[in-house]
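Chemist: Just dropping this structure here.
The values are calculated or read from the model by the stated rules, or taken from the named source; none is laboratory data. Small disclaimer: the values here were computed from a predicted structure and weren't measured. Cβ: placed from backbone, ideal geometry, glycine included. Neighbour counts: every protein chain shown. SASA here: full protein model, heavy atoms, side chains in, ligands and nucleic acids out. Shrake-Rupley method; radii C 1.70, N 1.55, O 1.52, S 1.80 Å.
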Amino acid sequence: MVEGIYLHIPFCSLKCPYCDFTSITVNNKQIFTEYVSLVLKELHMYRDLEFDVKTVYFGGGTPSLLPPEVIAHLIEGIDRIVGINGNAEVTVEVNPENYRYLQFKQLKQSGVNRISVGVQSFQLKQLRALGREHSPEDSLKTVEDAFRAGIENISIDLIYGIQGQDVESLEKDLKTVENLPVKHLSAYMLTAYEETPLGQMVKRGEYFLPDDDTVYRMFLLIDSYLNRCGFSRYEISNWAKEGYQCRHNLLYWKRKEFLGLGVSAWSFANRKRFGNTKNLHVYMEKVKKGEFPVEFVDLIDDKEEKKEKIFLGLRLKNGIDIKLVKDKMNFLRNLEREGFIEIKGEKVSLTPKGIFVSSYISSQLI
């Protein structure tokens, strides 16, 4: 049963140097219109699946490059084709320089009840070090306008581990968050993926990331500061106030079925994970012909399912059932003694220290 729908909007006004998602720098209304119609056509091709849509998520790219009426058209289309639950969580990712009060009012009227703002930092120096064009004032205005427009469920993204950033400057960002009507926060460690411009700059010695000890202290600061402000960490990179965990992302981590639409989008249904082509032209041509734009398919057998339960479950603060890893008890006890994991009853979970070696721990357990 498909419970979530993800729509990938690949368009951006500029490509951030650290981004490794599929995105295209274009601002062409004709392409937007054609792409949106094809996304709905793609959904129609999956109408034989069973749907109980509890979450809809517009990600990117930059969904807020689309006018609110286009977002509304997509929501109406999804509801018409497969139906959307009356209490569904509907999220749109927003860049701080795009929408203001009137646009948020339109989003609210179309059924959007959650926005995720790509703040990244409230300090101009850090924003420029990330290659972002918006200002701290843009971010503050975006949050304020969305809240005034009646969208109560507001999430923001922060990035830490930026060149020139230290613990003290990060604390300034957190103090700003404390005074905003924000219910959810995602904090991501800056990663220099090799294929990105940032990765190449780091490789050439033109961009310097903080050392591991500094980054770890940043994470501890984020966790402790947000806890004092009423947020609880429920996943490696996500904190929320009571009742405001991102229901859509929880589908991923709890292995519920979801359908991804658009170029490069991934899906999980009928024990298969399948991904669309990353080539926009190929995607559009295939869907025009009524062909599925899928290029990658992974069949999830029992062995793979167990791996996923371990890897994805360890991302969550609640952890995994110890029965999944009962054959690794000596390894687990060593990790517990060294402070990397916590074993409580039938549950195994990562400690903050363990989060920074989570890939190693997961690989050993699976």
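Chemist: Go through region 212-228 and give me each residue that's among the charged types (D, E, K, R), out of contact with any helix residue (DSSP H, G or I) (no Cβ under 7 Å at 6 or more places or on another chain) and either under 16 Å from V182 (Cβ atoms) or touching a residue at least 60 places away in the same chain (Cβ under 8 Å) (or both).
Modeler: Those that are among the charged types (D, E, K, R), out of contact with any helix residue (DSSP H, G or I) (no Cβ under 7 Å at 6 or more places or on another chain) and either under 16 Å from V182 (Cβ atoms) or touching a residue at least 60 places away in the same chain (Cβ under 8 Å) (or both): D212, R228.
Chemist: A further question on this structure: Can we say A88 is touching a Lys or Arg at 6+ places or on another chain (Cβ under 8 Å) and small (G, A, S)?
Modeler: Criteria met by A88.
Chemist: Scan region 263-276 for residues that are touching a His at 6+ places or on another chain (Cβ under 9 Å) and loosely packed, with under 15 Cβ neighbours inside 10 Å and jot them down.
Modeler: none
Chemist: Please specify each residue of region 331-358 satisfying the condition of being more than 15 Å from E235 (Cβ to Cβ) and among the small types (G, A, S).
Modeler: Once the filter is applied, which keeps residues that are more than 15 Å from E235 (Cβ to Cβ) and among the small types (G, A, S), region 331-358 yields G339, G345.
Chemist: Moving on to the next point. Kindly provide the set of residues from region 337-354 that are on the phi < 0 side of the Ramachandran plot and in contact with a Ser or Thr (Cβ under 9 Å, 6 or more places away or on another chain), ordered by number.
Modeler: F340, I341, E342, I343, L350
Chemist: Oh, and also: State the number of residues belonging to region 254-298 that are of a type in the set (D, E, K, R) and under 23 Å from M1 (Cα atoms).
Modeler: Residues in region 254-298 being of a type in the set (D, E, K, R) and under 23 Å from M1 (Cα atoms): 10 in total.
Chemist: I need every pair where a residue in region 229-255 that is farther than 16 Å from N113 by Cα has its Cβ under 6 Å from the Cβ of a residue that is in a strand (DSSP E or B) and open to solvent by 40 Å² or more (accessible area, probe 1.4 Å), sequence separation at least 6 or different chains.
Modeler: Final answer for the pair search is S237/Y188.
Chemist: Can I ask one more? Under 6 Å by Cβ, and 6 or more places apart or on different chains, what pairs join a residue from region 98-112 that is free of Cβ contacts under 8 Å to residues at least 60 places away in the same chain with one that is surrounded by fewer than 17 Cβ atoms within 10 Å (Cβ to Cβ) and part of a loop (DSSP other than H, G, I, E, B)?
Modeler: Every condition considered, the pairs that remain are K108/G150.
Chemist: Oh, and also: Could you count how many residues in region 211-233 are under 10 Å from V167 (Cα atoms) and open to solvent by less than 50 Å² (accessible area, probe 1.4 Å)?
Modeler: 6
Chemist: List pairs: first in region 277-295 and in contact (Cβ under 8 Å) with a residue 40 or more places away in the chain, second open to solvent by less than 50 Å² (accessible area, probe 1.4 Å) and of a type in the set (G, A, S), Cβ under 6 Å, 6+ apart or cross-chain?
Modeler: What qualifies is K278/S264.
Chemist: May I ask you to list the residues in region 344-353 that are free of Cβ contacts under 8 Å to residues at least 60 places away in the same chain, outside any loop (DSSP other than H, G, I, E, B) and under 14 Å from G313 (Cβ atoms)?
Modeler: Residues satisfying the conditions are K347, V348, S349.
Chemist: Another question about this same structure. Of everything in region 277-298 that's of a type in the set (K, R) and open to solvent by 80 Å² or more (accessible area, probe 1.4 Å), which residue is farthest from T22 (Cα to Cα)?
Modeler: K289
Chemist: I've got another one for you. Could you check N318 against (1) assigned to a loop (DSSP other than H, G, I, E, B); (2) more than 21 Å from the chain's Cα centre (by Cα); (3) under 24 Å from H248 (Cα atoms) and say which number it fails?
Modeler: (2)
Chemist: I'd like to check something: does region 143-154 contain any residue that is closer than 22 Å to L209 by Cα, free of Cβ contacts under 8 Å to residues at least 60 places away in the same chain and either in contact with a Pro (Cβ under 7 Å, 6 or more places away or on another chain) or open to solvent by 20 Å² or more (accessible area, probe 1.4 Å) (or both)?
Modeler: So far as region 143-154 goes, no, none of its residues is closer than 22 Å to L209 by Cα, free of Cβ contacts under 8 Å to residues at least 60 places away in the same chain and either in contact with a Pro (Cβ under 7 Å, 6 or more places away or on another chain) or open to solvent by 20 Å² or more (accessible area, probe 1.4 Å) (or both).
Chemist: Among what's in region 176-199 and is open to solvent by 60 Å² or more (accessible area, probe 1.4 Å) and either at pLDDT 95 or above or under 29 Å from I115 (Cβ atoms) (or both), pick the residue that is nearest to the chain's Cα centre (by Cα).
Modeler: Filtering first and then ranking leaves Y188.
Chemist: Which of the residues spanning region 136-167 are more than 20 Å from the chain's Cα centre (by Cα), part of a helix (DSSP H, G or I) and among the aliphatic types (A, V, I, L, M)?
Modeler: L140, V167
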